[in-house]
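Inspection log for the structure reproduced underneath, given as structure tokens.
Each value in this text was obtained by applying a stated rule to the coordinates, not by laboratory testing. Not measured: the values here are computed from a predicted model. Positions of Cβ are generated from backbone atoms using ideal geometry, with glycine treated the same way; all protein chains shown enter the neighbour counts.
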Amino acid sequence: NSNAKEPLKNVIVTGGAGYIGSHIIYTLLKTHKYKVISIDNYHNSFPAALTRVSELALTELKASLPTDTSPSPQDLDSVAIDVYKCDLLDSSLVRSIFSKYSSQNGGTGIWGVIHLSAYKAVGESSVIPLTYYANNVSATISLLQIMQDFGCHRLIYSSSATVYGVVDEIPIKETTQRQIEGKEGSVYGRTKVMCELIVEDLCESSVLTGSTTPFQAISLRYFNPAGAHPSGYIGEHPRGRPENLLPLLAHMAVGTVKDPVLKVFGKDYPTPDGTCVRDYLHILDLAAGHVIALQALEEGSELNNRVFASTTETGKGSKGRFKAYNLGKGHGMSVMQIVGAMREATEFDFKTEVVGRRRGDVPELIADPALARAELGFDAPRDLETMCRDLWNWQEKNPTGYE
Ligand code: WQD
């Protein structure tokens with residue numbers, strides 16, 4: 001019939017069960033435009049997160065319909081996630097997943113991939129570099145090869161502000177040089193720079209070979225995502241002790257981490273209060289940025305023309321359809337300011353103790369959000385109070401996360 005919707009586009013989200021992945025999948029489901037496929041090895045995530053995401057989206061779908069109307073089969077399909085427990089380094093299993101949706105099996109193929117899965121602890125990465133290079137870089141190369149073999153040429157790559165290492169100019173623009181030889185940084189940050197360079201070269205190669213469907217990639221450089229869905233039904237649940245500041249504070253306040261004090265990793269940085277400054281943005285704003293970026297990969301769309309009218313200046317004069325965007329709010333908060341904001345949200349009286357610096361930390365990372373705002377229409381309106389309130393709401397309702 002005339003209002004028949006377009007068929008759902010198959011989109012793979014690697015690391016789909018994770019903190020960032022689950023909130024991105026929730027936001028994708030809400031569009032009712034995609035058949036979402038999650039690939040995750042659950043190294044640092046729980047399959048239960050995806051069950052809850054789908055429940056949340058279905059509940060909201062039903063609530064959006066008139067009482068006597070039930071969802072169409074396609075709308076039901078658009079809030080159901082195909083879930084695979086799979087390590088990206090298991091290339092034969094990844095291939096079997098791609099082939100399941102391929103035209104040979106009556107499918108429409110994988111329209112695009114949002115590649116999130118990676119190890120991401122700045123401190124830990126310096127201690128086990130080969131594990132980080134295998135999991136973050138080799139797995140990405142394997143995924144890209146499989147995408148190429150199956151003619152899948154649209155990628156959203158999960159990158160990080162840590163690609164910039166120590167910067168001279170704050171706020172940071174996408175044209176800021178990434179970590180290079182001798183620039184203070186971290187193994188984790190270097191895995192992200194290497195993957196961006198690999199993706200750039202793939203985009204370039206498909207232009208050089210005159211491909212009719214050139215490989216298109218948008219790399220999203222996250223600053224510091226925080227918070228949770230306001231329902232408190234999904235949130236961040238790292239396996240083991242949380243490394244990141246905000247989840248650690250939430251665990252201390254709810255009592256699942258028994259530390260008597262928060263160790264502040266250095267108070268001798270060249271920043272207003274001596275502690276590191278980061279640009280925190282709400283996880284749902286970050287997720288929304290991914291959906292806009294995915295839509296920007298639609299060849300011929302006005303958004304696609306705008307995004308790829310200019311490629312990211314990489315000094316290589318790259319002509320490939322590669323573009324990088326910072327996802328941040330554009331203002332920074334110090335460790336002590338975050339502690340204060342969480343004290344407000346949790347009413348827990350955190351004690352702090354200043355200790356030595358953490359290897360790999362940089363003094364300040366604040367985004368210049370102008371390019372994503374101008375070209376993607378991306379905005380991150382949710383404020384720090386909302387991030388802390390939503391984080392605390394999740395943690396209080398789920399002291400032991402998804403277990
Ligand atoms: C924030 C600040 C710490 C814990 C993270 C991810 C990284 C990337 C960006 C995605 C730092 C300080 C922390 C503690 C502390 N994410 N801190 N005591 O390091 O900016 O990076 O977000 O790509 O993968 O790791 O975030 O939350 O670890 O630290 O003083 O017990 O809090 O030194 O200055 P970071 P974080």
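What's the extension gain from Thr175 to Asp149 if we count 0.36 nm per residue and subtract their Cα-Cα distance?
In short, 6.2 nm is gained.
Using Cα pairs under 8 angstrom and six or more residues apart, how large is the relative contact order of the stretch 312-403, in percent?
On the way: 52 pairs, mean separation 34.1, N = 92.
The normalised contact order for the stretch 312-403 reaches 37 percent.
So what is the diffusion coefficient of the stretch 55-123 in µm² per second by Stokes-Einstein at 25 °C and 0.890 mPa s, using a Kirkwood Rh over Cα pairs?
161 µm²/s
Around Ala250, what is the net charge, scoring Lys/Arg as +1 and Asp/Glu as -1 over all other residues with Cβ under 10 Å from its Cβ?
-2
Of the peptides 298-306, 326-334, how do they stack up when ordered by the mean number of other Cβ atoms within 10 Å, highest first?
326-334, 298-306
As I understand it, the dipole of the chain uses +1 on the Cβ of Lys and Arg and -1 on the Cβ of Asp and Glu, about the Cα centre. Which of Ser160, Gly210, Pro230 lies farthest toward its positive end?
Gly210
Can you list the residues, at least 5 places off or on another chain, whose amide H is less than 5 Å from the amide H of Ser38, using H built in the peptide plane?
Close amide H contacts, sequence-distant or interchain: Val13, Asp82, Val83, Tyr84.
Can you give the net charge of the other residues whose Cβ lies under 12 Å from the Cβ of Arg359, counting K and R as +1 and D and E as -1?
For residues surrounding Arg359, the net value is -1.
Give a residue-ordered list of calculated ³J(HN,Hα) values for the stretch 225-232 (Karplus: 6.51 cos²θ - 1.76 cosθ + 1.60, θ = phi - 60°; whole Hz; x for Gly, Pro).
x, 8, x, 7, 4, x, 5, x
Between Ser142 and Ala309, how many nm apart are label points set 7 Å from Cα along the C-beta direction?
Taking the two extended label points, one gets 4.1 nm.
Taking the dipole about the Cα centre of the chain, with the C-beta of Lys and Arg at +1 and of Asp and Glu at -1, give me whichever of Tyr34, Gly151, Phe350 is farthest to the positive side.
Of the candidates, Gly151 comes out farthest on the positive side.
Of the options Pro71, Phe265, Gly189, report the single residue whose Cα projects farthest towards the positive end of the charge dipole of the chain (beta-carbon charges: Lys, Arg +1; Asp, Glu -1).
Positive-end residue among those listed: Gly189.
Using a 7 Å offset from the Cα along the Cα-to-Cβ direction at both Glu302 and Glu184, what is the distance between the two label points in nm, to one decimal?
A separation of 4.6 nm, rounded to one decimal place.
So how strong a dipole does the stretch 244-403 carry about its Cα centre when Lys and Arg Cβ are +1 and Asp and Glu Cβ are -1, to the nearest 20 debye?
520 debye
Compute the signed sum of charges (Lys and Arg +1, Asp and Glu -1) over the other residues within less than 11 Å, Cβ to Cβ, of Lys192. Don't skip to the answer; put the middle values down first.
On the way: positive: Lys120, Arg178, Arg190, Arg221; negative: Glu196.
It works out to a net charge of +3.
Note down the magnitude of the dipole of the stretch 2-152 about its Cα centre, charges +1 on Lys and Arg C-beta and -1 on Asp and Glu C-beta and zero elsewhere, to the nearest 20 debye. It would help to have the intermediate numbers written out before the result.
On the way: 11 positive and 12 negative charges, 28 e Å.
Using Cβ point charges on Lys, Arg, Asp and Glu, the stretch 2-152 gives about 140 debye.
Compute the distance in nm between two label points, each set 7 Å from the Cα along the Cα-to-Cβ direction, one at Glu396 and one at Ala134.
4.3 nm
About the Cα centre, and with charges only on the beta carbon of Lys, Arg (+1) and Asp, Glu (-1), how big is the dipole of the chain? Nearest 20 debye, please.
Dipole magnitude for the chain comes out near 480 debye.
Below 8 Å between Cα atoms, with a sequence gap of 6+, how large is the relative contact order for the chain in percent? Could the numbers behind the result be given before it?
Numbers: 803 pairs, mean separation 78.3, N = 403.
Worked out over the chain, it gives 19 percent.
Can you give the extra length, in nm with one decimal, that the chain gains between His43 and Ser211 once fully stretched, where that is 0.36 nm per residue apart less the Cα-Cα distance?
Working: separation 168, 0.36 × 168 = 60.48 nm, distance 3.65 nm.
Full-extension gain reported as 56.8 nm.
If one computes the Cα centroid of the stretch 31-51 and of the stretch 203-244, what distance in Å separates the two points?
After rounding, the separation between the Cα centres reads 13 Å.
Hey, in the GNM for the chain with a 10 angstrom Cα cutoff, which one of Phe378, Phe348, Phe308 fluctuates hardest?
Answer for the Gaussian network model of the chain: Phe348.
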